[in-house]
Amino acid sequence: MAQHVLVLVGILAFVALAIASRHRVRQGAGRASGRGAQVVVSFDDGGISADYPDGQRRAISWEDLSRVGVTTTDEGPFVDDVFIGLHGRAGELVLVYPQGAAGDQAILVEMQRRLPGFDNRLFVKAMGSTSNAHFLLWEKPQEKVMK
């Protein structure tokens, strides 16, 4: 049953991305100069990493991940205008990658699987945004302190 839900969520996310892409193309001619595809994001059991065109690599462990957000800008469609941000334990922004980065769809599915309470509806809303906005998709639940 859980696998069926995960598959459904993945399909919904794919549809949302397709709708958002179509919406952005209607407003212009697509991503002629977007650099998203030049960033490579990947994950393993330890965490998520991003390799950037300048040779820099940023990474965060699943354990240290405290928040996942999406920031959109009004600068598209000719430049990247949707960015996924991953925050560390202290709330600091550890890595950011643009929508369209190589591997971003696989990471989305993995976050949906690993992060209980990941807000897929808000993700769909974010993908349709063409303005400057921020969407908090997931926040690590506060650990209960035993007294």
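A short reminder: the numbers here are calculations on the coordinates, not readings from a lab. Predicted model, so just to flag it, every value in this text is computed and none were measured. Methodologically, a virtual Cβ is constructed for each residue, glycine included, from the backbone with ideal geometry; neighbour enumeration extends over all protein chains shown.
Listed values for region 74-80 are Karplus-derived 3J(HN,Hα) couplings in whole Hz (6.51 cos²θ - 1.76 cosθ + 1.60, θ = phi - 60°), namely 9, 8, x, x, 7, 9, 4, and x replaces Gly and Pro.
Model label sites at A106 and N120, defined 7 Å from Cα along the beta-carbon direction, differ in position by 2.1 nm. For region 128-136, backbone phi angles converted through the Karplus equation (6.51, -1.76, 1.60; θ = phi - 60°) give residue-by-residue couplings of x, 6, 10, 10, 6, 7, 10, 10, 8 Hz, Gly and Pro being listed as x. Shown in residue order for region 94-99 are the 3J(HN,Hα) couplings computed by the Karplus curve 6.51 cos²θ - 1.76 cosθ + 1.60 at θ = phi - 60°: 8, 8, 9, 9, x, 4 Hz (x for Gly and Pro). How much FRET efficiency would the formula 1/(1 + (r/R0)^6) give for V40 and S131, where r is the Cβ-Cβ distance and R0 is 25 Å, rounded to 0.05? That gives a FRET efficiency of 0.35.
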